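Undergrad: Just passing along the structure, written as structure tokens.
The values are calculated or read from the model by the stated rules, or taken from the named source; none is laboratory data. For clarity, every value in this text was computed on a predicted model and none was experimentally measured. Cβ placement follows ideal geometry from the backbone for every residue including glycine, while neighbour counts extend to all protein chains displayed. SASA here: full protein model, heavy atoms, side chains in, ligands and nucleic acids out. Shrake-Rupley method; radii C 1.70, N 1.55, O 1.52, S 1.80 Å.
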Amino acid sequence: MQYRRKQDIHMSAVAINPLNRAVRFYEAPIGKKAVMAVTGVMLVGYVIGHLLGNLQIYSSDPQQINRYAAFLHNPSNALALWGVRLILLAAVVLHIVSSVQLWQQNREARPLRYYKKADVPTSYAARTMLWSGPIVAAFVIFHVLHLTTGSILPLHDIGPNMPDVRYNVVSGFQNYWVSGFYIFAMILLCMHLYHGLWSMFQSVGISHPRYTSKLKKGAAIVAILIAIGNCSIPIAVMAGLVTY
Amino acid sequence: MRIVLHIWRQANAAAAGRMVRYELPNVNTHMSFLEMLDILNEDLIGRGEDPVAFDHDCREGICGMCGCMVNGVAHGPLPGTTLCQLHMRHFKDGDELYLEPWRARAFPVVKDLVVDRSAFDRLIAAGGFISVATGSAPDGNAILVPKENADRSMDAAACIGCGACVAMCPNASASLFMGAKLAHLGLLPQGQPERDRRVMAMEAQANRELFGSCTNIGECEAVCPKDIKLEVIARMNRDFLHANWIGRGGLKGD
Ligand code: FES
């Protein structure tokens with residue numbers, strides 16, 4: 001076992017083209033799954049951070065969320081903001097491209113369907129990843145068009161680089177169609193995250209009879225909490241609890 | 001009891017297949033599933049028809065030859081059981097059963113319910129072995145193996161290579177089979193020297209055979225007649241990541 005403990009990479013490793021190695025790694029389905037797991041972690045991290053930011057709308061100070069938005073949009077933070085946006089975009093692209101490639105390969109692995117096929121233990125979430133994924137992706141585009149670019153409903157600004165988030169959110173969610181779509185997408189996101197959150201551990205090789213069942217429970221709890229947090233905002237607006 | 005069977009009939013690999021209905025009016029509850037098929041075949045032969053081709057050998061649940069889908073479940077409804085060990089007492093009078101061969105691009109149908117599983121043999125030939133020096137037998141217990149590892153290795157070695165995992169997987173992936181072989185060998189000291197090379201070679205071969213890949217669904221684990229656990233797939237993933245990024249394959253000597 002000696003050779004497994006020494007993990008330093010020697011100079012000669014550089015001579016064996018690392019790009020080659022990365023390509024070979026990505027070509028393997030297990031490599032693609034690892035890419036999906038790592039990009040998945042990044043995206044979940046963002047979803048949680050985004051939710052925590054959004055929850056400021058419940059602050060007793062109605063201007064709190066607008067101050068937070070002004071801080072993010074402050075030109076001196078532009079570099080960091082665009083850096084994060086580009087990293088997230090890259091993660092989204094990698095996550096989607098690898099999942100589509102795997103899906104295609106997996107579909108071709110069984111050209112003739114079964115006449116009858118039971119889904120023995122399959123969770124609904126696991127079976128519907130291919131539906132929840134694209135719908136959540138479509139939702140993300142809608143969400144950016146709605147609250148970032150203002151292409152769906154006109155957005156208000158307090159000043160330059162100071163969006164009036166509170167007004168934009170409340171006016172948007174007073175529309176039942178918009179709220180309905182947000183809530184629907186968050187339920188799908190919850191299912192996607194439930195399967196994804198524990199799957200990512202399996203994909204990078206973390207599985208243990210003592211911890212995996214707890215991991216699945218933890219994944220369900222985190223996914224449900226994220227959905228509750230996100231759904232609460234349109235519901236609170238429609239119930240008149242959050243106003244402008 | 002009366003059993004109605006709908007069986008996939010396909011004359012050869014090139015022919016198109018279809019489901020054909022057969023009715024068995026007198027099935028004894030003590031019969032095994034394969035014995036019921038034997039009765040059907042005797043009847044078909046008596047009528048001058050082509051009997052249903054199905055694979056079998058030991059009929060004791062240990063060789064891995066038998067198996068087909070019964071109402072969409074590999075090896076039928078009883079968990080942890082091969083088709084030959086499934087008995088008709090687990091069915092009800094009047095049940096309609098749909099029998100289909102394992103379906104995967106890597107497992108082409110030979111005839112009726114018989115599929116060609118040599119893709120599994122090629123996976124083993126690619127890396128599912130250990131190289132040993134022949135010669136006089138080594139002393140017993142000269143190589144120490146922790147009890148837990150011996151048990152887990154033995155659990156993985158219970159895999160009989162029947163192919164139910166591939167058949168049940170929505171992606172027709174051979175991950176559970178490969179994971180079982182990799183865990184069986186990789187948990188023992190004798191499996192260490194080729195551990196990195198083994199996972200790389202088997203993974204590459206699985207792609208050449210056009211098996212699908214794992215999406216962590218768990219249907220394989222549910223139908224495995226030997227109760228191989230999903231954990232072996234995580235272990236394979238770990239071995240693969242190790243071989244790619246930390247292992248020394250492809251490096252020049254120190
Ligand atoms: S015939 Fe040998 S396992 Fe069923």
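Undergrad: Report the residue count in segment B:205-228 for those that are over 15 Å from A:Leu102 (Cα atoms), at the interface with chain A (Cβ under 8 Å from one of its Cβ atoms) and in contact (Cβ under 8 Å) with a residue 40 or more places away in the chain.
TA: Qualifying residue count, segment B:205-228: 4.
Undergrad: Where the second residue is away from the ligand (no atom under 16 Å from the Cβ) and open to solvent by less than 70 Å² (accessible area, probe 1.4 Å) and the first is among the charged types (D, E, K, R) and lies in segment B:148-163, which pairs have Cβ atoms under 6 Å and are six or more apart or on separate chains?
TA: B:Arg152/B:Leu187
Okay, residues lined up against (1) within 14 Å of chain A (Cβ to nearest Cβ); (2) within 16 Å of the ligand (Cβ to nearest atom):
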position: B:Asn26; (1), (2): no, no
position: B:Met31; (1), (2): no, yes
position: B:Ile39; (1), (2): no, no
position: B:Val70; (1), (2): yes, yes
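Undergrad: Taking helices (runs of 4 or more DSSP H) that fall entirely within segment B:97-174, which contain at least 1 residues that are outside the structural domain of B:Leu83 (by TED's automatic domain parsing), over 30 Å from B:Asn12 (Cα atoms) and among the aliphatic types (A, V, I, L, M)?
TA: Hits in segment B:97-174: B:147-157.
Undergrad: Can you spot a residue in segment B:74-88 that is over 28 Å from B:Ile228 (Cα atoms) and assigned to a loop (DSSP other than H, G, I, E, B)?
TA: Within segment B:74-88, none of the residues are over 28 Å from B:Ile228 (Cα atoms) and assigned to a loop (DSSP other than H, G, I, E, B).
The rows are residues; the columns are (1) aliphatic (A, V, I, L, M); (2) buried (at least 17 other Cβ atoms within 10 Å of the Cβ); (3) free of Cβ contacts under 8 Å to residues at least 24 places away in the same chain.
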residue	(1), (2), (3)
B:Val20	yes, no, yes
B:Pro25	no, no, yes
B:His30	no, no, no
B:Leu40	yes, yes, no
B:Leu44	yes, no, yes
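Undergrad: Of the conditions (1) within 10 Å of the ligand (Cβ to nearest atom); (2) over 24 Å from B:Lys92 (Cα atoms); (3) out of contact with any strand residue (DSSP E or B) (no Cβ under 7 Å at 6 or more places or on another chain), B:Asp55 satisfies every one except a single condition; which number is it?
TA: All conditions pass for B:Asp55, except number (3).
Undergrad: Continuing with the same structure: When you check B:Arg197 against the structure, is it surrounded by fewer than 21 Cβ atoms within 10 Å (Cβ to Cβ), among the basic types (Lys, Arg) and either touching an Asp or Glu at 6+ places or on another chain (Cβ under 7 Å) or not assigned by TED's automatic domain parsing to the domain that holds B:Gly61 (or both), yes or no?
TA: Considered against the rule, which asks whether it is surrounded by fewer than 21 Cβ atoms within 10 Å (Cβ to Cβ), among the basic types (Lys, Arg) and either touching an Asp or Glu at 6+ places or on another chain (Cβ under 7 Å) or not assigned by TED's automatic domain parsing to the domain that holds B:Gly61 (or both), B:Arg197 comes out as yes.
Undergrad: Confirm whether B:Ala74 is open to solvent by less than 40 Å² (accessible area, probe 1.4 Å) and either in contact (Cβ under 8 Å) with a residue 60 or more places away in the chain or within 30 Å of B:Asn207 (Cβ to Cβ) (or both).
TA: Taking the combined requirement at face value, the residue satisfies it.
Undergrad: Here's a check for you: in segment A:117-144, which residue that is touching a residue at least 60 places away in the same chain (Cβ under 8 Å) and part of a helix (DSSP H, G or I) is surrounded by the fewest Cβ atoms within 10 Å (Cβ to Cβ)?
TA: Narrowing segment A:117-144 to residues touching a residue at least 60 places away in the same chain (Cβ under 8 Å): A:123-126, A:128-129, A:132.
Now drop any that are not part of a helix (DSSP H, G or I), which leaves A:124-126, A:129, A:132.
On the way: A:Tyr124: 11, A:Ala125: 20, A:Ala126: 21, A:Met129: 19, A:Ser132: 23.
Looking at residues that are touching a residue at least 60 places away in the same chain (Cβ under 8 Å) and part of a helix (DSSP H, G or I), I get A:Tyr124.
Undergrad: Answer yes if at least one residue in segment B:114-135 is crowded, with 19+ Cβ neighbours inside 10 Å, within 14 Å of chain A (Cβ to nearest Cβ) and within 16 Å of the ligand (Cβ to nearest atom), and no otherwise.
TA: Yes; the residues of segment B:114-135 include at least one that is crowded, with 19+ Cβ neighbours inside 10 Å, within 14 Å of chain A (Cβ to nearest Cβ) and within 16 Å of the ligand (Cβ to nearest atom).
Undergrad: I'd like the full set of residues that are more than 19 Å from the chain's Cα centre (by Cα), facing chain A (nearest Cβ under 9 Å) and open to solvent by 30 Å² or more (accessible area, probe 1.4 Å), limited to segment B:170-192. Outline the logic, then answer.
TA: First, the residues of segment B:170-192 that are more than 19 Å from the chain's Cα centre (by Cα): B:186-192.
Add one more test, that the residue is facing chain A (nearest Cβ under 9 Å), and what stays is B:189, B:192.
Within segment B:170-192, just B:Pro189 meets the criteria.
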